[in-house]
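The values are calculated or read from the model by the stated rules, or taken from the named source; none is laboratory data. From a predicted model like this one, the values you see are computed outputs, not experimental measurements. Cβ placement follows ideal geometry from the backbone for every residue including glycine, while neighbour counts extend to all protein chains displayed. Each accessible area value is taken on the protein alone, full model and side chains, heavy atoms only, with ligands, DNA and RNA left out. Shrake-Rupley method; radii C 1.70, N 1.55, O 1.52, S 1.80 Å.
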Amino acid sequence: QVQLVESGGGLVQPGGSLRLSCAASATIFSIYIMGWYRQAPGKQRELVAIITTGGRTNYADSVKGRFTISRDNAKKMVYLQMNSLKPEDTAVYYCNANHSRVNYWGQGTQVTVSS
């Protein structure tokens, strides 16, 4: 069982930045593929970014060049640096841990981009 706790969400103006953090309780954190997903009102949850156990990353086209995912295995943390935020980035952001097709989710953190 893995518990994930997100933090760092909030209200930011367009063009601003936020850094999301996710703390994991996994005994062996390094075996998990970690990801960030988001869900806007009335829309399905979508992948934002993932980072593999080896550190490879993949991003949704809508955030490429603006968002950066990273992980610190020693601290059992995963981060999402979000720059040049747009109103369409407004959503609840969820941390995800995946291993052997088993998924764990955090409770989510709200990101609102508005002037």
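In the chain, carbon and sulfur make up what percent of the accessible area (probe 1.4 Å)?
Within the chain, the accessible surface is 47 percent carbon and sulfur.
Give me the net charge for the shell around E46: Cβ to Cβ below 12 angstrom, other residues only, Lys and Arg +1, Asp and Glu -1.
So the environment of E46 carries a net charge of 0.
Can you give the convex hull volume per residue for the Cα atoms of segment 1-40, as a whole number of Å³?
Hull volume over Cα atoms, normalised by residue count, gives 98 Å³.
At 1.306 mPa s and 10 °C, plugging the Kirkwood radius over alpha-carbon pairs of segment 57-96 into Stokes-Einstein gives what diffusion coefficient in µm²/s?
139
Please list E6, E88 from largest to smallest accessible area, probe radius 1.4 Å, with all protein chains kept in place.
So, going from the largest accessible area down, we get E88, E6.
Skipping prolines and chain starts, which residues have an amide H placed within reach, meaning under 5 Å, of the one on T53, given they are 5 or more residues away or on another chain?
none
Per-residue accessible area for W36 at 1.4 Å probe radius, Å² rounded to 10?
Accessible surface of W36 is approximately 0 Å².
If you average 1/r over every pair of different alpha-carbon atoms in the chain and take one over that average, what Kirkwood value in Å do you get?
14.0
Let me confirm the definition first: pairs of Lys residues in the chain, 8 or more apart or on different chains, C-alpha distance under 25 Å. How many are there?
Total qualifying Lys-Lys pairs in the chain comes to 4.
Taking θ as phi - 60°, what are the ³J(HN,Hα) couplings along segment 45-53 by the Karplus curve (6.51, -1.76, 1.60), each to the nearest whole Hz, with x for Gly and Pro?
With the stated coefficients, segment 45-53 comes to 5, 10, 6, 9, 7, 10, 9, 7, 5 Hz.
Please compute the per residue accessible area over the chain with all protein chains in place, 1.4 Å probe, rounded to a whole number of Å².
Spelled out: the 1.4 Å probe surface of the chain, per residue, equals 54 Å².
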